[in-house]
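Student: Here's a structure for you.
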């Protein structure tokens, strides 16, 4: 019978970087006992976001961070800077990458490709604690 | 018992800007009587899109619009300009920001963070009427 | 009664381009017999991605490819280039456009707007075979 589970994950970040959460998410999915369904990963912030990316080469993550800095630079002449120069760039990076992911679940696991990992991206310079809501519906 | 609701929201825009629809979406979710579930917000256009962003500081919205103009400028030398210089930039901004949002629902409300609002972004210069489909599954 | 279907689509690409998959996706949705529900389209790769865009004007697709090349250029000084100069730009374009789409289904069809088509974007220069997972829940 169709059912659902919902949970909030707390993710500690150490400033501007990608934090892999694939293992935590997969473990939670497995724990629900739902074999086939739809997983939603949702970031409850406007200066951190989510992406699915290469989980093998470490340099990919560094390149992503530097690319985001280039696309939404601190010296962009932004009107909004209430919390410092990394404030508005963090919002823009979050708009670009997005805060929600929809991932089918099959055989009790997120149907990710071989090289895909789920990442929370911290866009602020200082460490933060971020909330990620996990929702799974299926049977 | 698991059930679903679907509805189309009509959103009036006044040219290139962000229109907050959080209240309308939350009111509809509450009206369905579904306490826990998955909300999907879907924009049926290719020159308008959706984002979740800061709902407090007004300047954030202006900065987002100016940043999108910079990333997809009208003088970008685009091949496609059937509907004027803001035509192709509108499509590109829509590709960048996306047209669908997946948001878990908990206690009868979208599980947004304190500072998160749901926005329709109008990318065309002239006012438009935009259709946003809301879908909710849960119980 | 609420039920779900899941399927993997194989999409052949001919290098850096947009491949429309709307027809294949809609045919699969119709075949499930589910009239109202939520469709998820998920790309199992980190150098290809998904977008919903204009299905009428052919030039739009060319402009999108050129715009992505400009935003994530091959000569960007990336650290990661294990598979050649188009490797890291492909990852960045995939971060920007995203790998999952959530689309409500109504009357047995994806509730797309008149001008919306579903596209797989190949970001690598060489042809590839890509896996796209389709999931539908509803009744």
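None of the figures in this text is laboratory data; all of them are computed from the coordinates on show. The structure presented is a predicted model; accordingly, all values stated were derived computationally and were not measured.
Student: Considering Cα pairs under 8 angstrom that are at least six residues apart, work out the relative contact order of the range C:6-139 and quote it in whole percent.
Tutor: Normalised by residue count, the contact order of the range C:6-139 is 55 percent.
Student: Ratio to report: Rg/Rh of the protein assembly as shown, with Cα atoms as the point set and Rh obtained by the Kirkwood method; give two decimals.
Tutor: 0.93
Student: Output the 0 to 90 degree angle, nearest 10, between the alpha-carbon long axis of helix A:58-71 and the longest principal axis computed from the alpha carbons of chain A.
Tutor: 50
Student: Per-residue ellipticity at 222 nm for the protein assembly as shown, helices alone: DSSP H runs ≥ 4 residues times -39500 (n - 2.57), over residue total, nearest 500 deg cm²/dmol?
Tutor: Calculated mean residue ellipticity at 222 nm is -8000 deg cm²/dmol.
Student: Further question: Please give the per residue volume of the convex hull enclosing the alpha carbon atoms of chain C, rounded to a whole number of Å³.
Tutor: 96
Student: On C-alpha positions alone, give me the angle between the axis of helix C:87-97 and the longest principal axis of chain C, in degrees, nearest 10.
Tutor: Computed tilt is about 40 degrees.
Student: Distance between Cα centroids, the range A:43-119 to the range B:59-127: provide it in whole Å.
Tutor: The range A:43-119 and the range B:59-127 have Cα centres separated by 17 Å.
Student: By how many degrees, between 0 and 90 and to the nearest 10, does the Cα long axis of helix C:22-32 differ from the longest principal axis of chain C?
Tutor: 30
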